[in-house]
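Asks: The structure is given below, and queries will be raised subsequently.
All of the numbers you see were taken from the coordinates with simple rules; none came from a lab. Since the structure is predicted, the reported quantities are computational estimates derived from the model, not experimental observations. Virtual Cβ from ideal backbone geometry, glycine too; neighbours counted across all protein chains shown.
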Amino acid sequence: MVSNRDNLGFVGVGLRSVHYADVLEGRVSGVDFFEAISENFMDSKGRPRIILRKVREKFPIALHGVSLSIASTDPLDYKYLSGLDELYQEIDPIRTSDHLCWTGVLGKNGHDLFPIPYTNEAIEHIVNRIDEVQNYLRRELIFENVSAYLGFNESEMSEWEFVSQILEKSGAGFLCDLNNIYVNSFNFDFNPFEYLKRIDLKKIQQIHLAGFTDRTKFYFDTHSRPVCDEVWQMYKWLWENGVKSPVMVEWDQDIPDFDTLKNEALKVNDYRGEERDENSRSSDSVSELGF
Amino acid sequence: MKIRDRQIQFLNSVSSKSPEAPTAFHPSGTLSAEEAIGVYQEAYLARLTEALGEIFESIWEVLGDDRFYLLANRYFDFYPPQSYNLNDVGRNFVNFLSKSKEVRDFPFIVEMADFESQVFDVFHKESIKSPHINFEAIESDFRICFFGCVRFLNYSYNVHEIWLKAKAGDEVTDISEELSSYMIFTKNQNVIVEKMNLHQYRFGKELMLGRSFMETLDTFEKEFLDISPDEVQDMFEIFRESGVIREWTLL
């Protein structure tokens with residue numbers, strides 16, 4: 001089982017096709033791992049899969065899925081799970097993750113990370129599904145919080161309560177996407193540090209960083225820009241509070257050259273200050289930062 | 001309302017073009033409910049169109065943005081995606097194009113779309129591994145098993161040439177019919193296109209369907225198709241050089 005004590009301090013970036021040549025021709029240094037999107041490789045036996053194997057020979061890889069649809073009320077797709085299992089066996093990833101969301105229903109796929117009503121019914125449904133998936137894959141998965149642009153009136157709790165309960169009841173790990181928390185904090189008017197303070201930090205097994213687009217009326221999770229300062233402050237807070245799980249930068253639109261991406265990821269070093277001991281964790285850092 | 005009902009309601013709103021938002025949702029930021037659903041509606045169509053465009057890159061090039069967007073929009077109404085794999089979104093596109101009046105100015109477009117989807121499909125198959133078959137040693141009848149990445153294709157236009165032109169951004173106008181046959185496969189992770197004549201295409205296709213060499217010759221004879229020994233020899237030379245045969249069985 002992967003533990004959040006493995007690969008501590010690792011810094012990575014998302015593996016994107018525009019950087020394949022840099023990676024394969026040995027022009028990459030300074031990052032500890034790559035995160036690859038599982039679905040881009042699992043059904044291909046051609047060039048994409050060969051490239052992933054070659055990258056794996058040089059670097060540890062985390063596999064991140066977008067289509068598990070753990071919250072969907074359709075039956076689990078065992079063809080999908082079988083392909084995922086085969087890819088996991090072949091690549092031996094350091095982390096295996098997907099999202100706390102659903103992507104389709106009634107056999108129709110929206111190819112997006114759709115939000116969930118924060119209800120006890122949804123928690124029970126998702127926990128049961130996580131159990132089924134983890135049993136089938138014979139491994140622990142970690143789940144990422146998603147950004148959202150609308151909520152559901154019947155929600156019975158906050159996002160962090162919802163996420164915390166799922167993680168606690170399922171035993172799954174947390175892929176903490178700080179940009180998603182920040183985007184949602186603007187969109188739904190809450191303090192992002194309140195979110196961080198309310199979750200069990202020991203559950204965090206990986207951290208995502210990314211940039212968003214300010215659409216004036218809302219923040220849009222585009223992965224198209226550098227990480228904003230507020231998100232870096234959130235990362236700093238996590239580090240100071242003992243979270244040293246692998247961290248990586250996602251960049252999916254207007255993707256820069258590899259060095260720019262790498263340098264963005266390596267900014268983590270600027271925010272890795274002194275670690276506080278367990279007893280000194282407090283909310284003072286929240287108010288100090290003006291949130 | 002149960003979570004399943006809510007998901008059905010949500011996805012119906014996202015995949016429809018209706019600006020109405022169910023009252024069960026509350027928007028984020030200062031968005032209206034309609035604008036919030038609109039964020040998902042816009043992303044839904046953009047993501048699918050982009051995925052379709054990655055498969056049918058040259059079709060997009062020939063048709064231009066406006067026509068391609070229009071067709072994609074209508075296509076996803078008829079064929080909403082069902083697979084988790086975005087590479088599958090184009091499975092029905094060739095059939096859809098064949099019935100679309102918007103492409104009547106481009107009589108070659110349906111065949112080119114078929115060719116492009118075959119190339120895309122083959123690209124994701126395992127490359128051939130040459131098994132060093134010595135055809136000279138084969139004296140009796142035999143069956144052939146090709147590698148999974150091999151396709152025999154036949155069109156009434158020279159779609160490979162048009163496809164190359166379109167990919168290069170060249171204009172593709174005044175295209176006349178030109179019967180064209182190909183064998184395509186992947187080798188060293190590259191898609192290779194071999195031009196063949198019609199008889200060779202037909203012969204290869206019969207072999208691929210599992211007919212033996214002698215059965216295929218019989219089929220040609222019954223259908224009064226002439227294939228010369230030289231043509232057969234050339235075809236097997238292509239098979240040998242390309243390494244497309246995974247195994248053969250003596251009968």
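Asks: Taking amide H positions as placed in the peptide plane 1.01 Å from N, state which residues far from B:Ile192 in sequence (5 or more) or on other chains have amide H under 5 Å from it.
Replies: Here the answer is B:Phe185, B:Thr186, B:Lys187, since their amide H atoms fall under 5 Å of that of B:Ile192.
Asks: In whole Å, largest first, what are the principal axis extents of the Cα atoms in the protein assembly as shown?
Replies: That gives 88, 49, 42 Å along the principal axes, largest extent first.
Asks: While we're looking at this one, here's another question. Just report the Cα centroid separation between segment B:101-117 and segment B:72-94, whole Å.
Replies: Taking the Cα centre of each part, segment B:101-117 and segment B:72-94 sit 17 Å apart.
Asks: Okay, next question. Would you mind checking which residues have amide H under 5 Å from A:Phe174's amide H? H placed 1.01 Å from N; only 5 or more apart, or other chain.
Replies: Counting only residues 5 or more places away or on other chains, the set is A:Phe143, A:Ile204, A:Gln205, A:Gln206.
Asks: Now for a different question. Output needed for chain B: three equivalent-ellipsoid semi-axes, defined as square roots of 5 times the C-alpha gyration tensor eigenvalues, in descending order, whole Å.
Replies: The three semi-axes for chain B are 46, 21, 15 Å.
Asks: From the P(r) of segment B:1-102, could you give the percentage of C-alpha pairs in the tail past 20 Å? Show your work: numbers first, answer last.
Replies: Numbers: 2349 of 5151 pairs.
That tail contains 46 percent of the Cα-Cα pairs.
Asks: Between the helical axis of B:229-242 and the dominant principal axis of chain B, each derived from Cα atoms, what acute angle in degrees is found, rounded to the nearest 10?
Replies: 50 degrees
Asks: Same structure again: Hey, what number do you get for chain B at 222 nm if only DSSP H runs of n ≥ 4 count, each worth -39500 (n - 2.57), divided across all residues, to the nearest 500?
Replies: Only helices count here, giving -15500 deg cm²/dmol.
Asks: Tell me, rounded to the nearest percent, the portion of alpha carbon pairs in segment A:12-51 spaced more than 15 Å apart.
Replies: That tail contains 41 percent of the Cα-Cα pairs.
Asks: Moving to a separate point now. Taking K and R as +1 and D and E as -1, what net charge do the other residues with C-beta under 15 Å from the C-beta of B:Arg211 add up to?
Replies: Spelling it out: positives minus negatives among the neighbours equals -2.
Asks: Per residue of B:78-89, count partner chain C-beta atoms within 10 Å of its C-beta, then hand back the mean as an integer.
Replies: Partner-chain Cβ atoms within 10 Å, mean over residues of B:78-89: 6.
Asks: Which distance in Å, rounded to a whole number, links the C-alpha centroids of segment B:218-251 and segment A:118-184?
Replies: Cα centroid to Cα centroid, the span is 58 Å.
Asks: In sequence order, what are the phi-derived ³J(HN,Hα) couplings for segment A:254-260 according to the Karplus relation 6.51 cos²θ - 1.76 cosθ + 1.60 with θ = phi - 60°, rounded to whole Hz, with x for glycine and proline?
Replies: 6, 5, x, 5, 4, 5, 5
Asks: Which value results when the Cα radius of gyration for segment B:155-251 is divided by 2.2 N^0.38 Å?
Replies: After normalising by residue count via 2.2 N^0.38 Å, the value is 1.25.
Asks: In addition: Tabulate in residue order the Karplus-calculated ³J(HN,Hα) for segment B:169-186, using 6.51 cos²θ - 1.76 cosθ + 1.60 with θ = phi - 60°, rounded to whole Hz; enter x for Gly and Pro.
Replies: x, 7, 5, 10, 10, 6, 8, 9, 5, 7, 3, 9, 10, 9, 10, 10, 6, 10
Asks: Same structure, new question: Within 14 Å, Cβ to Cβ, of A:Glu57, how many net charges do the neighbouring residues add up to if Lys/Arg are +1 and Asp/Glu are -1?
Replies: My count for the surroundings of A:Glu57 gives +2.
Asks: Continuing with this model, one more query. Taking a virtual spin label 7 Å from the Cα of A:Asp257 along the C-beta vector, which residues in segment A:8-37 bring their backbone nitrogen under 20 Å of it?
Replies: Zone members listed by number: A:13-31.
Asks: How about segment B:112-218: which GluC sites (Glu not before Pro) there lie in a loop by DSSP and see at most 12 other Cβ atoms within 10 Å?
Replies: Those that pass, being in a loop and sparsely packed, are B:Glu139, B:Glu171, B:Glu177.
Asks: Okay, moving on. Using only the Cα atoms of chain A, what are the Rg and Dmax in Å?
Replies: Values for chain A (Cα only, Rg and Dmax): 18.3, 53 Å.
Asks: Using only alpha-carbon positions, what ratio does the radius of gyration of segment A:65-197 give when scaled by 2.2 N^0.38 Å? Walk me through the numbers on the way to the answer.
Replies: Numbers: Rg = 14.6 Å, N = 133, 2.2 N^0.38 = 14.1 Å.
Ratio of Cα Rg to 2.2 N^0.38 Å: 1.03.
Asks: Still on this model: Tally Lys and Arg at +1 and Asp and Glu at -1 over the other residues with C-beta under 14 Å from the C-beta of B:Arg67: what net charge comes out?
Replies: That works out to -2.
Asks: In peptide B:4-16, what is the residue-averaged number of other protein chain Cβ atoms found within 10 Å of each Cβ? Write out the running numbers ahead of the final one.
Replies: Numbers: counts 7, 2, 10, 13, 4, 1, 9, 11, 3, 1, 3, 4, 0.
Mean number of neighbouring Cβ atoms from other chains: 5.
Asks: I'd like the Karplus ³J(HN,Hα) series for segment B:119-126: coefficients 6.51, -1.76, 1.60, θ = phi - 60°, whole numbers in Hz, and an x wherever there's a Gly or Pro.
Replies: These are the phi-based 3J(HN,Hα) values: 4, 4, 5, 5, 4, 8, 8, 5 Hz.
Asks: While we're here: If you take the Cα atoms of segment B:185-236, find Rg, then find the Kirkwood Rh from the mean of 1/r over all pairs, what is Rg/Rh?
Replies: Details: Rg = 12.4 Å, Rh = 12.0 Å.
Ratio of gyration radius to Kirkwood radius: 1.03.
Asks: Over the C-alpha atoms of segment A:141-200, what are the Rg and the largest Cα-to-Cα span, Dmax, in Å?
Replies: Considering segment A:141-200 through its Cα atoms, Rg and Dmax are 11.2, 30 Å.
Asks: Let me ask something additional. Return the long-range amide H neighbours of B:Phe146 (sequence gap of 5 or more, or a different chain), with a cut-off of under 5 Å between placed amide H atoms.
Replies: B:Arg246
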